[in-house]
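Undergrad: I have a structure here, written as structure tokens, and I will follow up with some questions on it.
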Amino acid sequence: MKPERPALQLYLVRHAHALDGESDAARPLSHRGREQVRAMAALLSRGTAFQPAEIWHSPLARAAETASLLARELRSAARLREVPGLEPHDDPAALVPRINGLAIPVAIVGHEPHLSALATLLIDAGDDTPAVVMKKCAILACERTGPRGRWMLRWLVSPELLA
């Protein structure tokens, strides 16, 4: 009998709040955005659930800065990599084969609507495969898009984040 491989982790991270500006690609994080990253890093550093070997980010300044600050605040040895195909309106389906071929845990720092579309492609198996696994004491928040609309995953906090 083959030993079971540990589950491979993929983390999707939306960039933090950025300043408004004429050049969308060059917009840096705002003070508020840098504080958001520090607060998220403080939460993540309390446990062992977030341990990417690489942090991929789009070429846009706000994503690169979010990735860099997150790694620095976590004192992470994760390699930062600018990866094509992570911009807001890139086709997320083009990234799926690369993600499916991963052998190391990766965090992807990107943008909307790309990240939500990518998560939907990765999670919706189109069969009876569960899209979410709830650990003991986990909290999952959903939101309905309208009175009879579909439910969307808003967030999930798992107990290992609080360890």
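Undergrad: For residues that are under 16 Å from Met40 (Cβ atoms) and more than 14 Å from the chain's Cα centre (by Cα), tally how many sit in the stretch 69-92.
TA: Here the count works out to 7.
Undergrad: Does Ser76 qualify as being hydroxyl-bearing (Ser, Thr, Tyr), farther than 18 Å from Ala18 by Cβ and in contact with a helix residue (DSSP H, G or I) (Cβ under 6 Å, 6 or more places away or on another chain)?
TA: No, not satisfied.
Undergrad: Which condition does Leu70 not pass, out of (1) surrounded by fewer than 17 Cβ atoms within 10 Å (Cβ to Cβ); (2) at pLDDT 95 or above; (3) touching a helix residue (DSSP H, G or I) at 6+ places or on another chain (Cβ under 6 Å), if it passes all the others?
TA: (1)
Undergrad: If you don't mind, another one. What do you reckon, is Val157 among the β-branched types (Val, Ile, Thr), at pLDDT below 80 and surrounded by 10 or more Cβ atoms within 10 Å (Cβ to Cβ)?
TA: no
Undergrad: Test Ile139 against the stated conditions and say whether it is at negative phi, out of contact with any Gly (no Cβ under 7 Å at 6 or more places or on another chain) and assigned by TED's automatic domain parsing to the domain that holds Pro52.
TA: no
Undergrad: Something else now. Taking the stretch 51-76, which residues are part of a helix (DSSP H, G or I) and out of contact with any Pro (no Cβ under 8 Å at 6 or more places or on another chain)?
TA: Step one: list which residues in the stretch 51-76 are part of a helix (DSSP H, G or I), which gives 61-74.
Once the filter is applied, which keeps residues that are part of a helix (DSSP H, G or I) and out of contact with any Pro (no Cβ under 8 Å at 6 or more places or on another chain), the stretch 51-76 yields Ala63, Ala64, Thr66, Ala67, Ser68, Leu69, Leu70, Ala71, Arg72, Glu73, Leu74.
Undergrad: On to the next question. Do you know which of the residues in the stretch 77-88 that are part of a loop (DSSP other than H, G, I, E, B) and among the aliphatic types (A, V, I, L, M) is surrounded by the most Cβ atoms within 10 Å (Cβ to Cβ)?
TA: Leu86
Undergrad: Could you tell me which of the residues Trp151, Trp155 is within 25 Å of Ala41 (Cα to Cα) and of a type in the set (Phe, Trp, Tyr)?
TA: Trp155
Undergrad: Can you tell me which residue is farthest from Gln9 (Cα to Cα) among those in the stretch 131-163 that are touching a Ser or Thr at 6+ places or on another chain (Cβ under 7 Å) and touching a residue at least 40 places away in the same chain (Cβ under 8 Å)? Spell out how you get there, then give the answer.
TA: Within the stretch 131-163, the subset touching a Ser or Thr at 6+ places or on another chain (Cβ under 7 Å) is 135, 138, 152, 160, 163.
With the extra rule that they be touching a residue at least 40 places away in the same chain (Cβ under 8 Å), the set shrinks to 160, 163.
Details: Glu160: 13, Ala163: 18 Å.
Per the stated criteria, the residue is Ala163.
Undergrad: Which residues, taken from the stretch 12-50, are in contact with a helix residue (DSSP H, G or I) (Cβ under 7 Å, 6 or more places away or on another chain), basic (Lys, Arg) and either outside any loop (DSSP other than H, G, I, E, B) or not assigned by TED's automatic domain parsing to the domain that holds Pro113 (or both)?
TA: Across the stretch 12-50, the qualifying residues are Arg14, Arg34, Arg38.
Undergrad: What is the residue count in the stretch 108-129 for residues that are surrounded by fewer than 15 Cβ atoms within 10 Å (Cβ to Cβ) and closer than 19 Å to Glu65 by Cβ?
TA: 1
For (1) crowded, with 18+ Cβ neighbours inside 10 Å; (2) farther than 20 Å from Ala18 by Cα; (3) in contact (Cβ under 8 Å) with a residue 40 or more places away in the chain, each residue gets a yes or a no:
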residue	(1), (2), (3)
Leu44	yes, yes, yes
His57	yes, no, yes
Ala94	no, yes, no
Ala103	no, yes, yes
Val106	yes, yes, yes
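The values are calculated or read from the model by the stated rules, or taken from the named source; none is laboratory data. Note that this is a predicted model, so its numbers are computed, not measured. Glycine also receives a Cβ, built like all others from the backbone with ideal geometry; neighbour counts cover every protein chain displayed.
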